[in-house]
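The values are calculated or read from the model by the stated rules, or taken from the named source; none is laboratory data. Source: prediction; values computed, not measured. Note that we place each Cβ from the backbone using ideal geometry, even for glycine, and neighbour counts take in every protein chain shown. Quick note on the areas: whole protein, heavy atoms, side chains included, nothing else; ligands and nucleic acids left out. Shrake-Rupley method; radii C 1.70, N 1.55, O 1.52, S 1.80 Å.
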Amino acid sequence: MLLANNLSFKRGRKEIFQGMNISLPPKKIIHLKGRNGIGKTTLIKTLVNILFPTTGEIYWSGKNIKKNLYEFYANLTYIMDTQTSKNELTVSENVRFWMKLFSSNIKSKQLEGIFDLLSLDKYKNTQVNFLSKGEIRKLELFRLVIEQKKLWILDEPYVGLDESTHELINETFRNHIENNGMIFFSSHHYPELQNMDTINLENYANN
């Protein structure tokens with residue numbers, strides 16, 4: 001379970017958000033919404049320990065993540081709003097790099113199925129810098145399956161993708177929580193998903 005207690009974050013003299021409490025148990029999804037620039041990415045980076053809150057604590061499995069970072073990261077897949085794939089590598093080379101990095105035991109048949117589902121099969125040997133933004137976003141989402149982690153935190157996963165891919169993401173989310181997974185994501189898109197709560201950052205922002 002991921003817990004955050006009384007989080008606040010200041011940048012200079014400006015308070016971005018305050019009084020934020022989060023409880024994300026297994027089989028649960030939290031959708032973070034709010035206008036552009038309000039601090040959604042800042043909150044997400046705080047939850048994954050890239051930024052440090054001004055006040056408050058974050059816990060994973062009952063332990064403060066600062067004292068439990070190895071276990072926390074061993075259970076976390078973080079999909080940023082910017083790409084982590086390397087432009088000079090092909091789609092397949094990026095996938096193989098991630099598989100080696102995360103010691104993935106995903107089977108070749110399953111891997112081929114994901115390429116097909118994401119409509120990336122014809123781009124396997126294409127360098128990433130020749131892909132569209134939507135295709136790069138699909139490649140980034142490949143990591144969800146490769147890493148096989150319990151906690152998914154995603155920043156704007158639906159951006160640049162068509163409706164059919166939106167539904168594929170929704171189905172992937174459903175399957176993950178059915179297998180005791182946890183998902184926290186930001187988006188202007190409002191998917192219809194069970195076991196999902198929405199946090200409106202407007203309610204915690206210093207407007």
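Only one residue in V145, V159 is open to solvent by 20 Å² or more (accessible area, probe 1.4 Å), β-branched (V, I, T) and in a loop (DSSP other than H, G, I, E, B), so which one is that?
Values: V145 fails: in a loop (DSSP other than H, G, I, E, B).
Result: V159 is the single residue among V145, V159 that is open to solvent by 20 Å² or more (accessible area, probe 1.4 Å), β-branched (V, I, T) and in a loop (DSSP other than H, G, I, E, B).
Test each condition in (1) in a helix (DSSP H, G or I); (2) out of contact with any helix residue (DSSP H, G or I) (no Cβ under 9 Å at 6 or more places or on another chain); (3) in contact (Cβ under 8 Å) with a residue 12 or more places away in the chain; (4) not β-branched (V, I, T) for H176 and report the one that comes out false.
Every condition holds for H176 apart from (2).
How do the pairs read when you match residues in region 185-203 that are free of Cβ contacts under 8 Å to residues at least 60 places away in the same chain with residues anywhere that are open to solvent by less than 20 Å² (accessible area, probe 1.4 Å) and in a loop (DSSP other than H, G, I, E, B), using Cβ under 8 Å and keeping only pairs 6 or more apart or on different chains?
That search, which allows pairs on different chains as well, returns H189/Y158.
Would you check if K107 is among the charged types (D, E, K, R) and without any contact (Cβ under 8 Å) to a residue 60 or more places away in the chain? Lay out the reasoning, then the answer.
Values: among the charged types (D, E, K, R): yes; without any contact (Cβ under 8 Å) to a residue 60 or more places away in the chain: yes.
So K107 passes the test.
So which residues in region 29-52 are out of contact with any helix residue (DSSP H, G or I) (no Cβ under 8 Å at 6 or more places or on another chain), at pLDDT 95 or above, open to solvent by 10 Å² or more (accessible area, probe 1.4 Å) and more than 22 Å from L193 (Cβ to Cβ)? Talk me through it step by step, then tell me what you get.
Taking region 29-52 as the starting set, the residues that turn out to be out of contact with any helix residue (DSSP H, G or I) (no Cβ under 8 Å at 6 or more places or on another chain) are 30-31, 36-37, 41-42, 44-48, 50.
Retained after the next criterion (residues that are at pLDDT 95 or above): 30-31, 41-42, 44-48, 50.
Remaining after also requiring open to solvent by 10 Å² or more (accessible area, probe 1.4 Å): 41-42, 45, 50.
Scanning region 29-52 gives T42, K45, I50.
Can you name the residue in region 30-71 that is among the aromatic types (F, W, Y) and touching a residue at least 24 places away in the same chain (Cβ under 8 Å) and, of all such residues, is nearest to L7 (Cα to Cα)?
So the first thing to find is which residues in region 30-71 are among the aromatic types (F, W, Y), and the list is 52, 59-60, 70.
Restricting the remaining residues to those that are touching a residue at least 24 places away in the same chain (Cβ under 8 Å) gives 59-60.
Numbers: Y59: 12, W60: 15 Å.
So, considering only residues that are among the aromatic types (F, W, Y) and touching a residue at least 24 places away in the same chain (Cβ under 8 Å), the one nearest to L7 (Cα to Cα) is Y59.
Restricting to region 85-125, name every residue that is within 25 Å of D162 (Cα to Cα), open to solvent by less than 100 Å² (accessible area, probe 1.4 Å) and part of a loop (DSSP other than H, G, I, E, B).
S85, K86, N87, L89, L118, S119, L120, K124
Only one of E140, E135 is among the charged types (D, E, K, R), open to solvent by 20 Å² or more (accessible area, probe 1.4 Å) and either modelled with pLDDT under 90 or part of a helix (DSSP H, G or I) (or both); which? Spell out the reasoning first.
Numbers: E140 fails: open to solvent by 20 Å² or more (accessible area, probe 1.4 Å).
Exactly one residue qualifies, and that residue is E135.
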